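Working notes, structure below.
The values are calculated or read from the model by the stated rules, or taken from the named source; none is laboratory data. Everything numeric here is computed off the predicted structure, so don't read it as measured data. Note that each Cβ is placed from the backbone with ideal geometry, even for glycine, and that neighbours are counted across all protein chains shown. Protein only, heavy atoms only, side chains kept; ligands, DNA and RNA dropped before computing areas. Shrake-Rupley method; radii C 1.70, N 1.55, O 1.52, S 1.80 Å.
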Amino acid sequence: WFLAAIPLTPGLTSSNNISNLFSNLLPLLILATGQTIVLIAGGIDLSVTSVMALSSVTGALVMSGDQGFLGGSAWAVPAGVAAMLLTGVLIGWLIGAAITRLGMPPFIVTLTTMMFFSGLAIWLTKSKTIYNLPPAFIAIGKGSFFFLPYALLVTAVVVVEAVVLLSRCLAGRWLYACGHNLQSAEFCFVPVGQTLTRAYVSSGVCAAVAAILYTGRLETGSPVLGQRLLLDVIGAAVIGGASLFGGRGKVVWTIYGVLFLTLIDNTLNLAGHSHFTIMMVKGSVILLAALLDVLRTKWR
């Protein structure tokens, strides 16, 4: 796609565009990694954008020099980052508990969670963004270490840990087992409840990490952060081969899905197409990927 689009899209290979491409790609890859883990376990997480928004607001309320609880303190950045990660962990645990202990469908739980926590983020800030974040925090999203952006290093750590979890750890095998068949997994003494809960906690942590990168890059805590990313998050995982029926997927495949969707968005935007046209194209691609997943599952 990239090579075919070069002669048709002026500015595609410019340094500014490549930088912008990676700035959008890295947080999306973290989100899609968490979504891949949940899909492998046979679930789905629609709450990731609300977790991002609430994490962004929570961290900003701790760190902001204008209205933060620890504004101006040397502990502002560590406490703010910890608060953002804790937000992701708690929401992921609540979702997992509702699904495993109360027997509620993942779609309904994550949908209502998305609505509630999106509203909570807006209520906490009265629909206003939070400015004056510490330079040390902003550096996480925009700074670099020996020409390597911190965002790239953080993303690499998350992706490598997910690859190791799924390919080298017993917990990863449990995720695939749950996705293939919950009853069989229970019969084989897989701790199904713990495994599913950990999957949603992992997704929540990934959403919080993505919120750290986005918030640092934008230099503001936003109650609507990532509002339009949900389609891309699920779509990237599905295009990358993760099955909507569970039990199938790899983070390495998800990387290709994220890259493909990001390139589509970038090239169509540079070509002057409207946001609605871009959404139609991406929606069609994701629908085709989902159709192929259905046909593959029926064939198997």
Scope the stretch 142-187; condition within 17 Å of the chain's Cα centre (by Cα), farther than 21 Å from LEU244 by Cα and not small (Gly, Ala, Ser); matching residues: LEU152, LEU153, VAL154, THR155, VAL157, VAL158, VAL160, GLU161
Boolean, ILE122 is under 30 Å from LYS250 (Cα atoms) and among the β-branched types (Val, Ile, Thr): no
Kindly indicate whether LEU94 is modelled with pLDDT of 95 or more and surrounded by fewer than 18 Cβ atoms within 10 Å (Cβ to Cβ). no
Do you know which residues across the stretch 242-300 are of a type in the set (D, E, K, R) and free of Cβ contacts under 8 Å to residues at least 60 places away in the same chain? LYS282, ASP293, ARG296, LYS298, ARG300
May I ask you to verify whether SER118 is within 21 Å of the chain's Cα centre (by Cα), under 28 Å from ALA60 (Cα atoms) and touching a residue at least 60 places away in the same chain (Cβ under 8 Å)? yes
What are the residues in the stretch 136-149 that are part of a helix (DSSP H, G or I) and farther than 30 Å from ALA41 by Cβ, if any? ALA136, PHE137, ILE138, ALA139, LYS142
Could you say whether any residue in the stretch 78-90 is at positive phi and open to solvent by 40 Å² or more (accessible area, probe 1.4 Å)? no
Please enumerate the residues belonging to the stretch 158-181 that are in a helix (DSSP H, G or I) and of a type outside the set (A, V, I, L, M, F, W, C). GLU161, SER167, ARG168, GLY172, ARG173, TYR176, GLY179, HIS180
Residue set GLY283, GLY249; condition open to solvent by 10 Å² or more (accessible area, probe 1.4 Å) and under 18 Å from ILE44 (Cβ atoms); output residue GLY283
Filter result (within 19 Å of SER23 (Cβ to Cβ), buried (at least 18 other Cβ atoms within 10 Å of the Cβ) and of a type in the set (S, T, N, Q)) within the stretch 109-161: THR155
